[in-house]
Amino acid sequence: KTDAGIAYREAFDGVWQSLDPKSHAACETAMASVESELARMITMAGDDRMIPLRDKRGRLTLKPINDRIKKTDDTKEKKFLESYVLADQTMKTARKQIKELTEAAETLVSKALTDHPDEDSFSDLRVITEYLRLGDEITATKAKIREAEAALDVLAYEKYPDLTEDEIKSLVVDDKWMTVLDSKIHGEMDRISQSLAGRLKELAERYETPMPQLVQRATEFENRVSKHLQRMGFPV
């Protein structure tokens with residue numbers, strides 16, 4: 001499913017770009033901005049000035065940074081921290097823009113698939129979309145089956161204390177043991193039948209030629225040998 005997800009993203013981007021290249025380019029720019037600002041924040045987070053601002057788990061949040069900006073008289077430190085906060089704001093704005101553009105694109109592409117069901121350029125996306133839909137449906141169905149089996153197990157466990165001796169015997173002997181024995185017996189019978197059939201075929205092939213015919217052929221060969229010996233001057 002991971003590979004299908006990647007293929008879907010690529011096919012979706014291709015269709016989106018063909019339908020609305022302007023919004024697609026804007027999304028690409030916003031994504032590049034997120035990557036750039038995130039890399040910048042990661043680098044800044046490793047600065048020694050950030051160490052006292054981390055919580056007990058080593059995490060860095062905006063509240064202590066903003067508090068430090070208000071308290072510090074160090075111009076360089078304040079500028080450094082304000083730069084970090086600005087990078088965070090820029091990244092969040094870009095992420096929001098990506099979300100909005102993507103949602104609009106999904107609506108646009110979905111409408112295009114519906115309005116143009118025979119468009120060849122949409123075929124890859126259409127197939128992958130259906131594949132993912134069926135995969136989600138299978139997953140949901142399996143979850144329902146597991147829930148139903150769990151509920152059935154609970155009902156069965158609750159019923160066990162109320163079973164009579166005859167019912168227990170019927171469940172153990174008739175429904176369980178006899179079923180297994182019947183399966184094994186039929187399996188052994190099938191194995192023996194196949195073995196016998198193979199042996200009969202082998203014998204049929206071996207004795208396909210009748211005995212009188214074999215005797216006649218042996219006599220013919222014997223006569224041929226005698227004639228050859230006579231020609232060679234050997235007494236027969």
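The values are calculated or read from the model by the stated rules, or taken from the named source; none is laboratory data. The model shown is predicted, which means the values in this text are computed figures rather than measured ones. We place every Cβ from the backbone using ideal geometry, glycine too, and count neighbours over all the protein chains shown. In case anyone asks, the SASA skips ligands and DNA or RNA and just uses the protein heavy atoms, side chains included. Shrake-Rupley method; radii C 1.70, N 1.55, O 1.52, S 1.80 Å.
Assorted remarks:
- Here ASP47 fulfils each of the conditions (1) touching a residue at least 24 places away in the same chain (Cβ under 8 Å); (2) charged (D, E, K, R); (3) surrounded by 14 or more Cβ atoms within 10 Å (Cβ to Cβ) apart from (3).
- Any hit, segment 107-116, residues being open to solvent by 60 Å² or more (accessible area, probe 1.4 Å), of a type outside the set (A, V, I, L, M), touching a helix residue (DSSP H, G or I) at 6+ places or on another chain (Cβ under 7 Å) and modelled with pLDDT of 95 or more: no
- Those residues of segment 84-105 which are open to solvent by 30 Å² or more (accessible area, probe 1.4 Å) and either free of Cβ contacts under 8 Å to residues at least 60 places away in the same chain or among the charged types (D, E, K, R) (or both), in sequence order: LEU86, GLN89, THR90, LYS92, THR93, ARG95, LYS96, LYS99, GLU100, GLU103
- Any pair with Cβ under 8 angstrom, 6 or more apart, that starts in segment 59-77 at a residue that is closer than 16 Å to ASP47 by Cα and ends at one that is of a type in the set (Phe, Trp, Tyr) and open to solvent by less than 100 Å² (accessible area, probe 1.4 Å): ILE65/TYR84
- Looking across segment 50-82, the residues that are exposed (fewer than 15 other Cβ atoms within 10 Å of the Cβ), under 19 Å from LYS92 (Cα atoms) and under 43 Å from the mean Cα position of the chain (by Cα) come down to ARG59, THR61, LEU62, LYS63.
- Residue in segment 145-166 that is of a type in the set (Gly, Ala, Ser), closer than 24 Å to ALA26 by Cα and part of a helix (DSSP H, G or I) present: no
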